[in-house]
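Inspection log for the structure reproduced underneath, given as structure tokens.
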């Protein structure tokens, strides 16, 4: 649905994005991850035909963003980061205006606006000027204008920034529901958002593509060894020496001393070894108490930091 | 065509929603009403004196309401337009650039020409309302005197062309910057230069003086105010308008290829 090939954008001598290549399949929700100034917005602006690329090609729904800009723009819904809306228009009037510009059939406009206001939860503000809206409602209005023509491709630049937790959940739900029917590109620097809403992640740093994969794969690939955290009540030294004997455990370290003598230990395993069944019997046999045992996955935060700081490519 | 109409309607409404239209139109009408009063009062005093004192009457070959009220009033209106229209046009692109709404507008399936002409027509709509609301002044002239209708019609036609030219330059200036003050100053400055260019014709050589006179707004308006619709004047304004719109198209387009 979206093909980006060797896309480069230079601002004077400064680099916006550098040789970025990726594709997005129809119906996919793609997360675009990167620190501030990494080139997320630049990429999105090129895809929405707002600015041209210095070199490289980008195609949306089969149309080149430079050659057939009007055809591309007909098929996308775009929500820029700052959610720029006309503050002196009423919410429904604004949506009708956008619907008209986006080529919604004249007779359908009223219905379409009513439906989208319903979907985005905007009915409460149907008599308000956009300038009077709270951040959350502005965001929803922004999302509504992007969705009004039922676009094939949705490009959202940090859609949940500045919202309260309830609103974030609402918006994420809305986006998640869009996947499948539509292709969505979503930029963010909030990592849990990506693992929650996206099927695939692109990590970009300083204009370069650092990684492209599913959130799960990224987590898996980057872990050199698996780790298990256990909390056990018992003598520390003995616990470490006993557990180290288990086949598959490469190292065990005391993490922290908890209350009532319950201490936490980090058990590092050899690659592709599962010792989940072997640890509890040892503890029970020794008459210690097992309070907690859980695998420690690498969070997207860890991956992100790792990739962005090390620039390792997987 | 539909996009043009939608943008036109939106801009026209925005002027009223944001009260710009009310303020600009009101001040314009107050100014023009005040100046009209002065011109009209002077004329009626003169006529009164001429009626009672033959010495005064001798100074005037004829006391024509067309020459002494209608024509100078058109001149006054053109000056108010010069001051007011840059205030009207300054926001038209600058505001969108500043607030970022231009990013959404230009990513909708809309042609640049539709955006420019729609916005241009929105300003033109407000200006037309302004002009129409000055009609009562001329209605008064009609009640108390017998002005030549042809002059009024051609004068309005000239004013309309002139105002359209002012707006085209103002809209172009606005497309160059995200700062409304800069847009207003640029358009006001350039309009004033074009307005007064003819003044220096007297100091220049004949050829250059002629060029300056032909480039200036004022001489082209005075023909209309005399009741003469000369194709030269019409073509002058039309060319000015087309040139500004052309530059506007290029300035909007430049965003697409500028690095």
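Here is a yes/no grid of residues against (1) within 21 Å of residue B:25 (Cα to Cα); (2) free of Cβ contacts under 8 Å to residues at least 60 places away in the same chain:
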residue	(1), (2)
B:52	no, yes
B:70	yes, no
B:78	yes, no
B:116	no, no
B:120	yes, no
B:150	no, no
When region A:28-55 is checked residue by residue, the ones that are more than 14 Å from chain B (Cβ to nearest Cβ) and touching a helix residue (DSSP H, G or I) at 6+ places or on another chain (Cβ under 9 Å) are A:29, A:31, A:32, A:33, A:34, A:35, A:38
Scanning region A:272-295 residue by residue, those within 12 Å of residue A:229 (Cα to Cα) and modelled with pLDDT of 75 or more turn out to be A:279, A:290, A:291, A:292, A:293, A:294, A:295
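Quickly run through region A:82-97 and pick out the residues that are part of a helix (DSSP H, G or I) and more than 7 Å from every other protein chain (Cβ to nearest Cβ).
Let us first name the residues in region A:82-97 that are part of a helix (DSSP H, G or I), namely A:91-97.
Answer for region A:82-97, where residues must be part of a helix (DSSP H, G or I) and more than 7 Å from every other protein chain (Cβ to nearest Cβ): A:91, A:92, A:93, A:94, A:95, A:96.
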Out of (1) away from chain A (no Cβ under 14 Å); (2) modelled with pLDDT of 90 or more; (3) out of contact with any helix residue (DSSP H, G or I) (no Cβ under 7 Å at 6 or more places or on another chain), the one residue B:46 does not meet is (2)
Residue check: is residue B:67 over 30 Å from residue A:45 (Cα atoms) and either touching a helix residue (DSSP H, G or I) at 6+ places or on another chain (Cβ under 7 Å) or buried (at least 19 other Cβ atoms within 10 Å of the Cβ) (or both)? no
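Which fully enclosed strands (runs of 3 or more DSSP E) of region A:145-261 have 3 or more residues being more than 30 Å from residue B:107 (Cα to Cα)? Break it down stepwise before answering.
On the way: elements: A:153-157, A:183-188, A:200-205, A:208-213, A:227-233, A:249-257.
Strands (runs of 3 or more DSSP E) meeting the threshold: A:227-233, A:249-257.
For the condition in contact (Cβ under 8 Å) with a residue 12 or more places away in the chain and more than 14 Å from chain A (Cβ to nearest Cβ), what is the one hit in B:235, B:171? Show your work before the answer.
Details: B:235 fails: in contact (Cβ under 8 Å) with a residue 12 or more places away in the chain.
B:171 is the lone residue from the list that is in contact (Cβ under 8 Å) with a residue 12 or more places away in the chain and more than 14 Å from chain A (Cβ to nearest Cβ).
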Residue under question is residue A:129, and the condition is that it be within 22 Å of residue B:114 (Cα to Cα), facing chain B (nearest Cβ under 10 Å) and either surrounded by fewer than 22 Cβ atoms within 10 Å (Cβ to Cβ) or touching a residue at least 40 places away in the same chain (Cβ under 8 Å) (or both); does it hold?
no
Checking A:135, A:128, A:57, A:40 in turn, the sole residue that is out of contact with any strand residue (DSSP E or B) (no Cβ under 9 Å at 6 or more places or on another chain) and farther than 17 Å from residue B:110 by Cβ turns out to be A:135
Per the list (1) within 24 Å of residue B:216 (Cα to Cα); (2) surrounded by fewer than 16 Cβ atoms within 10 Å (Cβ to Cβ); (3) in contact with a helix residue (DSSP H, G or I) (Cβ under 8 Å, 6 or more places away or on another chain), residue check on residue B:133 breaks on (1)
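Go through the residues of region B:194-201 one by one and say whether even a single one is out of contact with any helix residue (DSSP H, G or I) (no Cβ under 8 Å at 6 or more places or on another chain), without any contact (Cβ under 8 Å) to a residue 60 or more places away in the chain and over 22 Å from residue B:127 (Cβ atoms). Spell out how you get there, then give the answer.
Residues of region B:194-201 out of contact with any helix residue (DSSP H, G or I) (no Cβ under 8 Å at 6 or more places or on another chain): B:199.
Then keep just the ones that are without any contact (Cβ under 8 Å) to a residue 60 or more places away in the chain; that gives B:199.
Then drop every residue that is not over 22 Å from residue B:127 (Cβ atoms), which leaves B:199.
Yes, the conditions are met somewhere in region B:194-201.
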Counting only residues in region B:86-130 that are surrounded by fewer than 20 Cβ atoms within 10 Å (Cβ to Cβ), in contact with a helix residue (DSSP H, G or I) (Cβ under 8 Å, 6 or more places away or on another chain) and assigned to a loop (DSSP other than H, G, I, E, B), the one farthest from the other protein chains (Cβ to nearest Cβ) is identified as B:111
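What number of residues in region B:211-222 are assigned to a helix (DSSP H, G or I) and either modelled with pLDDT under 85 or in contact with a helix residue (DSSP H, G or I) (Cβ under 7 Å, 6 or more places away or on another chain) (or both)? Can you show your working first?
First, the residues of region B:211-222 that are assigned to a helix (DSSP H, G or I): B:211-215, B:217-222.
Now narrow it down to the ones that are either modelled with pLDDT under 85 or in contact with a helix residue (DSSP H, G or I) (Cβ under 7 Å, 6 or more places away or on another chain) (or both): B:212-213, B:215, B:217-221.
Within region B:211-222, residues that are assigned to a helix (DSSP H, G or I) and either modelled with pLDDT under 85 or in contact with a helix residue (DSSP H, G or I) (Cβ under 7 Å, 6 or more places away or on another chain) (or both) number 8.
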When (1) away from chain B (no Cβ under 14 Å); (2) surrounded by fewer than 19 Cβ atoms within 10 Å (Cβ to Cβ) are applied to residue A:109, the one that fails is (1)
Given the criteria assigned to a helix (DSSP H, G or I) and either in contact with a strand residue (DSSP E or B) (Cβ under 8 Å, 6 or more places away or on another chain) or within 14 Å of another protein chain (Cβ to nearest Cβ) (or both), does residue B:15 qualify?
yes
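The values are calculated or read from the model by the stated rules, or taken from the named source; none is laboratory data. Computed from a prediction, not measured in an experiment: that's the story for all the values here. In this analysis, Cβ positions are derived from the backbone assuming ideal geometry, glycine residues included, and neighbour counts consider all displayed protein chains.
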